[in-house]
Amino acid sequence: MSGHQSWFDLNLGISALKYIGEIKNGNLTAEEFISKTIERIQKVDSKLHAYLSINEQAVEQAKSIDKKIKAKENVGACMGMPISIKDNICVKGTKTTCASKMLEDFIAPYDATVVSKLKAEDTIIIGKTNLDEFAMGFTTEFSAYGPSKNPWNTEYVPGGSSGGSAAAVSALECIASLGSDTGGSVRNPASFCSVVGLKPTYGLISRYGLISYSNSIEQIGPITRTVEDTAFLLNIIAGMDPHDNTTIDNQNENYLNDIDSGVEGKKIGIIKEMTHEGVDKQVSAATNKAISNFEGLGATFEEISLDMVAYSVAAYYIITATEAGSNLARYDNLRYGYDFDSEGYEFNSYLSKARKNFGPEVTRRMILGGFVPSAGHAGKYFLKAMKVKSKLTAQVNEALKKVDMLIAPTVPILPFRFGEKIDDPVALFLVDINTVTANLTEKPAISIQFEISGGLPIGIQLLGKSMQDKMLLQAAYALQNTVKLPEVPI
Ligand code: GLN
């Protein structure tokens, strides 16, 4: 038993692929691993608050997967691996709150496509993770249920909005997680928590069952401890879905095959507007180191200027607030919401009372989202934002004719302390400067953990051509293997 105990102490942080290997070799059972994962959650989640709810049936589910393995029946590729899911993605029969009071009691009536695909491969959905309310924010401080903490230093934010997912993966409270990325919400927390986060090409992963924030640019994306785990999960969750007509046919691409093909001969563009002004010196130094590591592997670099990046954050917030304004109109406490005594209210005052249950950030976005597309203002704001989007796309496409991919730090600054930016929405918006470009241009982008500076993680971002997610993973894999990072301290 004590031998086993130390096996878990050493290996709770194993990758998805290693987990599967151990199960196949008979060194481990799903039940053992799930039980240890739950113990781990019980031990650390009181400090981190990565989870909003835990699957009470997880051990039972693991037992039945073990039974299938023992009986040599068909078992799905994930073999009982514990994965967490951001709480804005529907898991049938479980609470899906979007970290909002508005959906406090909402039980999802169906599985998101990504969730049914994972379940079909015998994944165990271990729990639902915390986020900024309706995925609007950068720190998880806007969760109605309290923030998640950064496992590297609990006085610091984990990034967001998928902060619970990144913290859970980083702190070994699950093997992998799914988040959503509208403007950086998978990549930013991945960078702050020292894990991998992918925002795939728009349309590569079905959004069916993802509660919409800004559906024209957002994607679900994996958060994992290794690049190969992201490739493995992408193999399961990517592809066409009749429930989401924005999905594209990826010809059943196998993202794991040839993941080690390297970057020899690849040309990489350094995005000027994301690597100089406003970048912390430690982040700059890490970026330079990543560039020289890549050079050591045979890649070449040139600096590329994308001057529309200067307008990208403004355009992003106008477009997303507009879509959020219409997406969140359904939370009127009639179709969705909680209940209160409606006696004595006429319709409008009933609605405004109901909407008081939204937190400050969602309220801000809804007000903005009502204003910017309204008659008389649309030309000044929304249409201009759409022009920025198309010009930025043209610039990025042009750049990607010259180079194979682009590089920049995922976040220009180091993780920061709780409360530091919460009262300054514009400062918080600006932290998205390096990530929104991929969303606005529908391109794939990945954040790879690269350095721990003064105890705080720094991630490097690669942005690629549409549907070239595989090339991005190959480069990310090569970069990952140039560094050896310390273990998470918690
Ligand atoms: N911080 C950005 C926002 O608040 C990104 C959020 C996201 O990607 N979901 O909109």
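For this structure, a couple of remarks:
- Modelled label positions at LEU12 and ALA375, each set 7 Å beyond Cα in the direction of Cβ, lie 6.0 nm from each other.
- Value at 222 nm in deg cm²/dmol, rounded to 500, when DSSP H runs of n ≥ 4 in the chain each add -39,500 (n - 2.57): -11500 deg cm²/dmol
- Extended-chain gain in nm, criterion 0.36 nm per residue less alpha-carbon gap, SER53 and LYS356: 106.6 nm
- With Cα atoms defining each centre, region 232-246 and region 439-489 are spaced 22 Å apart in the structure.
- Per residue, the chain exposes an accessible area of 39 Å² to a 1.4 Å probe, with every protein chain left in place.
- Candidate lysines - alpha carbon under 17 Å from LYS149, same-chain residues fewer than 8 apart omitted: LYS43, LYS47, LYS86, LYS128, LYS421
- Gyration tensor verdict on the chain (Cα atoms; rounded if a/c is under 1.5, prolate if a/b is larger than b/c, oblate otherwise): oblate
- The H on the amide N of ALA299, modeled in the peptide plane, is under 5 Å from the matching H of GLY265, each at least 5 residues off or on a different chain.
- Protection proxy ranking of 104-114, 145-155, 406-416 - average other beta-carbon atoms within 10 Å, highest first: 406-416, 145-155, 104-114
- All aspartates and glutamates inside 20 Å of LYS67 as judged from Cα atoms, apart from same-chain residues fewer than 8 positions distant: GLU22, GLU31, GLU32, GLU56, GLU121, ASP122
- Average projection area in nm² (convex hull over Cα atoms of region 350-490, one quarter of hull surface): 12.4 nm²
- Take the Cβ atoms of LYS70 and ALA120, set R0 to 22 Å, and the FRET efficiency comes out at 0.60.
- Residues whose placed amide H lies under 5 Å from that of TYR51, excluding near-sequence neighbours: ASN130
- Expressed as a whole percent, the accessible area of region 1-153 that falls on carbon and sulfur atoms is 51 (1.4 Å probe).
- Peptides 175-184, 208-217, 122-131, 479-488 ranked from most to least packed give 175-184, 122-131, 208-217, 479-488, packing being the mean of other C-beta atoms within 10 angstrom over each peptide's residues.
- Gain upon complete extension [SER46, TYR311; 0.36 nm per residue less C-alpha separation]: 91.4 nm
- Overall, the accessible surface of region 286-343 at a probe of 1.4 angstrom is composed of carbon and sulfur to the extent of 46 percent.
- Inter-label distance for LYS92 and ARG417, nm, one decimal - labels placed 7 Å from Cα along Cα-to-Cβ: 4.8 nm
- In region 399-476, the portion of solvent-accessible area held by carbon and sulfur atoms comes to 51 percent [1.4 Å probe, whole percent, DNA, RNA and ligands not counted].
- Estimated inter-spin distance, THR246 and TYR336, nm [label 7 Å along Cα→Cβ]: 1.5 nm
- The protection proxy used here, the mean number of other Cβ atoms lying within 10 Å of each residue, ranks peptides 87-93, 188-194 as follows, highest first: 188-194, 87-93.
The values are calculated or read from the model by the stated rules, or taken from the named source; none is laboratory data. All values derive from a computational prediction rather than experimental measurement. Heads up, the Cβs are rebuilt from the backbone with ideal geometry, glycines too, and the neighbour counts pull from every protein chain shown. The protein model used for the area step is the full one, side chains on, heavy atoms only, and it has no ligands, DNA or RNA in it. Shrake-Rupley method; radii C 1.70, N 1.55, O 1.52, S 1.80 Å.
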